[in-house]
Ligand SMILES: Nc1ccn([C@@H]2O[C@@H]3COP(=O)(O)O[C@H]3[C@H]2O)c(=O)n1
Ligand SMILES: [Zn+2]
Ligand SMILES: [Zn+2]
């Protein structure tokens, strides 16, 4: 099964020249949005992708560059399309997303829960879920912010998508060498990384592993690092990649 991925944005949380690190993953004619950050509605608009084209939204964790666009998408689907977005969310994140991110602006007398606005599919971590006959996702809890849950994804056993993750070389190496995956990895260009893998850390990966690693979630000065990424390649915002 062919997978196509197109980054709506490849920027870090605070980048201004790039949209938030969100993506469209397509198999057959099913389109899954990977994260929905503050800039996601503008990025969709820029690409000419209508809301009706979104068959589902999968969330990795609750930072604004990954969920900050959900309010707009849900309101516009409700009022413009009279339907709910289909939301795939790791089960441990669902209650916090409603109670601490969306409820303050979205709760009304008639709408008292996440399910009032979204067709919610709560996904168990560590398992493989069939989103569509063409898209299977394995949810792997990975380290990002201490004490907060955050998830990376493996799609169709061939694309590892880190979302936001600290440097975890054993996992990345296993994904490439033992599972034959291509890796889309967040990359903080300037140390200290703290909550993301830094470029310097990623450069310590063996060269055969680096060859399968594509860097995303980078800062505005990415072009200064051209030729300094070892055997790794920057993911280009809006370019389509097929696996
Ligand atoms: N403990 C933390 C928490 C957050 N941050 C910064 O805030 C950003 C939130 O989105 P992100 O993409 O996870 O990147 C985080 C850090 O830049 C950080 O640097 N350290
Ligand atoms: Zn982020
Ligand atoms: Zn984050």
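Values in this text are rule-based calculations from the coordinates and carry no lab data. From a predicted model like this one, the values you see are computed outputs, not experimental measurements. Backbone-built Cβ (ideal geometry, glycine too); neighbour counts: all protein chains shown.
Taking a ≥ b ≥ c as the square roots of the eigenvalues of the Cα gyration tensor, an a/c ratio below 1.5 marks the stretch 1-154 as rounded. Given the C-alpha centroids of the stretch 132-172 and the stretch 225-243, what is the distance between them in whole angstrom? Here the two parts' Cα centres lie 19 Å apart.
Residues of the stretch 23-67 falling in the label zone of residue 179, defined by backbone nitrogen less than 16 Å from a point 7 Å along Cα to beta-carbon, are 60. Each label point was placed 7 Å from the Cα along the Cα-to-Cβ direction; for residue 190 and residue 224 their separation is 0.6 nm. Pairs of Cα atoms nearer than 8 Å and 6+ residues apart set the relative contact order; for the stretch 1-146 it is 17 percent.
Helix-only arithmetic for the chain: the sum of -39500 (n - 2.57) across DSSP H runs with n ≥ 4, divided by the residue total, places the mean residue ellipticity at 222 nm at -4500 deg cm²/dmol.
Cα gyration tensor of the stretch 136-237, axes a ≥ b ≥ c as square roots of the eigenvalues: rounded (a/c below 1.5), prolate (a/b > b/c) or oblate? Oblate is the answer for the stretch 136-237, as a/c is 1.5 or above yet b/c matches or exceeds a/b.
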